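A.B. asks: One structure, pasted below without further comment.
The values are calculated or read from the model by the stated rules, or taken from the named source; none is laboratory data. Predicted, not measured: the structure shown is a model, and the values here were computed from it. Positions of Cβ are backbone-derived with ideal geometry, glycine not excepted, and every protein chain shown enters the neighbour counts. With ligands, DNA and RNA removed, areas are computed over all heavy atoms of the protein, side chains included. Shrake-Rupley method; radii C 1.70, N 1.55, O 1.52, S 1.80 Å.
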Amino acid sequence: KEVILGALDVGNAILWPFRTLRPGIVAVPLDTRSAVENTLLANIVTLTPGTMSIDLSPDGKTLYVHVLDMDSPDAVRKNIKEGLERRLIQLFD
């Protein structure tokens, strides 16, 4: 679902080049419990069109994500936390 929605957003940005994009970097606090989960989450975020993981804090508790077009940093955090991260944690339980 996230990949399809991201692809539609990126496609929209390409088809409407005069549209004003609002790029940004968002700090996402993590509830993951291992380096493996952190790595998988960072890769999943990067595979989602319009987003790219750019850094992980040294303590592994915060993932920094670049977003191509962002309405709200809180919405991006919520999307990652309640969607991608929650499913990943469930996978490892």
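A.B. asks: So Gly83 passes all but one of these: (1) open to solvent by 30 Å² or more (accessible area, probe 1.4 Å); (2) touching an Asp or Glu at 6+ places or on another chain (Cβ under 8 Å); (3) part of a helix (DSSP H, G or I). Which condition number does it fail?
C.D. replies: Of everything listed in (1) open to solvent by 30 Å² or more (accessible area, probe 1.4 Å); (2) touching an Asp or Glu at 6+ places or on another chain (Cβ under 8 Å); (3) part of a helix (DSSP H, G or I), Gly83 misses just condition (1).
A.B. asks: Is it true that some residue in region 29-42 is of a type in the set (Asp, Glu) and touching a Phe, Trp or Tyr at 6+ places or on another chain (Cβ under 9 Å)?
C.D. replies: Yes, region 29-42 contains a residue that is of a type in the set (Asp, Glu) and touching a Phe, Trp or Tyr at 6+ places or on another chain (Cβ under 9 Å).
A.B. asks: Show the residue pairs meeting these rules: Cβ distance below 9 Å; 6+ apart or different chains; first residue within region 57-73 and open to solvent by 50 Å² or more (accessible area, probe 1.4 Å); second residue among the basic types (Lys, Arg).
C.D. replies: Leu68/Arg22; Asp71/Arg22
A.B. asks: Which numbered condition trips up Thr32, out of (1) among the polar types (S, T, N, Q); (2) in contact with an Asp or Glu (Cβ under 7 Å, 6 or more places away or on another chain); (3) surrounded by fewer than 17 Cβ atoms within 10 Å (Cβ to Cβ)?
C.D. replies: For Thr32, the exception is condition (3).
A.B. asks: Cβ-Cβ below 9 Å, separation at least six or inter-chain, first residue in region 1-26 and without any contact (Cβ under 8 Å) to a residue 24 or more places away in the chain, second open to solvent by less than 70 Å² (accessible area, probe 1.4 Å) and polar (S, T, N, Q): which pairs?
C.D. replies: That search, which allows pairs on different chains as well, returns Leu5/Thr48; Arg19/Asn12.
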